[in-house]
Amino acid sequence: MKRFILLLIAIYFSIAAFCQSNYWQGLRSGLDYGVHVFFEDTVENVLYVGGEFTKVDTMQNVFCIAKWDGTNWQKLGSNLNNYVRAIIRHNGYIYVGGDFTIAGNIDANYIARWNGSEWDSVGSGTNGPVWNFQILNNELYAMGSFDSAGSVVVHSLAKWNGDQWSDVFALPKFDTDGINFIFNLAYYNNELYVAGNFFNGTDINDIIKYNGNSWEKVLGGMYGGMGSVNKMLIYQNELYIAGGFHQSEGNIGNNIQRWDGSQWRTVGMGTNTTIYDMKIHKNELYIGGQFSYVDNIPAQRIAKWNGTQWCALKGIFNNAVYSLGFFRDTLYVGCGTTIDGDTINYIAKWIGGNYTDTCGILNNIIIENNQNSEITIYPNPATNILFIQGEKILEISIFNVIGQKMKYLLNYNQNEIEININELKSGIYLITVITSNGNYNEKIFKE
């Protein structure tokens with residue numbers, strides 16, 4: 001009988017090991033509802049998680065925000081009475097924005113701050129939801145859908161200096177019958193860019209910039225009546241935007257495109273449907289959303305871009321990936337309830353190491369270079385040694401034709417590099433060189 005019981009136990013653990021995804025892992029028993037935002041706090045060395053949940057693992061009455069130390073969950077006081085959509089650290093506080101009006105036992109209109117032991121209001125807050133934060137010049141910028149912050153009239157964008165609210169360069173109200181929906185802010189090439197979902201009826205659509213004197217359009221803005229810019233960030237010296245927009249509506253890209261200061265450019269062929277979040281980690285751009293294809297390759301709701309090529313991450317999600325975060329160099333996602341058929345309940349972390357699934361073919365890409373980067377790569381074709389000459393070379397990456405990174409060299413800050421490529425098989429490779437003046441890409445042939 002004892003042997004039979006031991007056999008059953010062995011079978012049980014064998015099945016459990018078989019069912020466990022090789023690429024994703026849930027956090028204990030997960031959450032009871034979705035995640036909107038991750039924030040890695042390097043001060044406390046914890047991951048803050050905000051969303052719509054009221055339960056984490058077996059802990060009840062955790063209303064919309066909690067923190068994860070890599071092993072255990074912790075509550076923040078008596079929490080909030082509605083969703084959390086934004087989290088950031090600023091001047092010793094954790095600031096939280098969302099749909100709530102109460103934090104702990106105090107009135108907190110859509111924004112509150114946590115000092116490590118209790119909640120506090122941020123002035124008198126805003127009169128509508130806060131969806132994102134950004135810090136510029138030691139001031140906290142809040143974005144969302146509101147027309148007042150404290151007693152100041154604003155149009156969904158305001159800044160907090162620690163004592164009081166103010167508007168941001170008198171950002172106008174674009175739709176006279178409605179309200180601006182501001183999701184993102186970025187400072188790029190000495191200009192302040194704001195993006196979201198807004199339209200003035202003519203030529204300002206979902207993105208605008210402040211040039212130091214006035215607000216102005218970014219070319220013709222975005223096209224398509226139902227589109228929006230969900231995320232915006234700076235990657236490899238270009239401004240990337242992602243959301244729900246398409247080439248068929250007149251845009252340059254499909255749900256993602258990039259701005260170099262004067263024109264829009266594609267990011268491969270983009271995705272087949274909406275992108276909800278973007279994050280940068282170790283010089284790679286990660287996206288999550290509703291999509292099932294990126295660059296015409298299968299990508300089940302998550303993928304990454306290295307500046308020249310898309311690669312999918314392994315995993316089949318039963319719902320969209322709504323949020324991305326990194327904690328201790330590990331990717332976390334806010335998603336549905338299963339991955340690869342395994343129950344994970346709205347939150348999971350990547351355990352697949354450097355593995356990537358399908359990648360786009362490098363032979364099909366157009367090599368685009370920064371004209372300010374004067375790089376010489378020789379010989380080409382090469383046999384064993386490759387020489388790279390240029391001003392202040394910072395990083396070098398070599399990819400094969402299926403997108404695998406074969407070599408990576410970092411922080412040289414030199415003008416000439418000698419690379420041994422003897423171990424590479426014969427064939428075509430793409431070499432990407434990042435310098436102080438920009439990026440350079442070139443195809444090379446290894447004999």
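The values are calculated or read from the model by the stated rules, or taken from the named source; none is laboratory data. Everything numeric in this text was worked out from a predicted model, so none of it was measured. Note that each Cβ is placed from the backbone with ideal geometry, even for glycine, and that neighbours are counted across all protein chains shown.
Odds and ends about this structure:
- Screening residue 402 against (1) surrounded by 15 or more Cβ atoms within 10 Å (Cβ to Cβ); (2) outside any strand (DSSP E or B); (3) at pLDDT below 85 leaves a single unmet condition, (1).
- Only listed residue being under 28 Å from residue 92 (Cβ atoms) and among the basic types (Lys, Arg), chosen from 173, 159, 209, 217: 159
- In segment 381-398, the residue that is nearest to residue 421 (Cα to Cα) out of those that are touching an Asp or Glu at 6+ places or on another chain (Cβ under 9 Å) and surrounded by 13 or more Cβ atoms within 10 Å (Cβ to Cβ) is 386.
- Of all residues in segment 316-328, exactly one satisfies the criterion of being crowded, with 24+ Cβ neighbours inside 10 Å and either aromatic (Phe, Trp, Tyr) or in a loop (DSSP other than H, G, I, E, B) (or both), namely 321.
- Residue count for segment 45-60 satisfying the condition of being farther than 18 Å from residue 86 by Cβ and either touching a residue at least 24 places away in the same chain (Cβ under 8 Å) or out of contact with any Lys or Arg (no Cβ under 8 Å at 6 or more places or on another chain) (or both): 7.
- Of residues in segment 206-220 being in a loop (DSSP other than H, G, I, E, B) and aliphatic (A, V, I, L, M), the one surrounded by the most Cβ atoms within 10 Å (Cβ to Cβ): 218
- Of 196, 104, all but one fail to be at pLDDT below 95, small (Gly, Ala, Ser) and under 18 Å from residue 208 (Cα atoms); the exception is 196.
- Condition met for residue 112 (buried (at least 21 other Cβ atoms within 10 Å of the Cβ) and under 21 Å from residue 44 (Cα atoms)): yes
- Restricting attention to segment 329-349, the residues that are crowded, with 24+ Cβ neighbours inside 10 Å and either hydroxyl-bearing (Ser, Thr, Tyr) or part of a strand (DSSP E or B) (or both) add up to 6.
So that you can scan it fast, the table gives a plain yes or no per residue for (1) touching a residue at least 60 places away in the same chain (Cβ under 8 Å); (2) aliphatic (A, V, I, L, M); (3) surrounded by fewer than 23 Cβ atoms within 10 Å (Cβ to Cβ):
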site	(1), (2), (3)
202	no, no, yes
222	no, yes, no
270	no, no, no
282	no, no, yes
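- Some residue of segment 88-106 being crowded, with 22+ Cβ neighbours inside 10 Å, part of a loop (DSSP other than H, G, I, E, B), out of contact with any Gly (no Cβ under 9 Å at 6 or more places or on another chain) and assigned by TED's automatic domain parsing to the domain that holds residue 43: yes
- For segment 62-77, the condition holds for no residue, the condition being that it is surrounded by 17 or more Cβ atoms within 10 Å (Cβ to Cβ), touching a His at 6+ places or on another chain (Cβ under 7 Å) and assigned to a loop (DSSP other than H, G, I, E, B).
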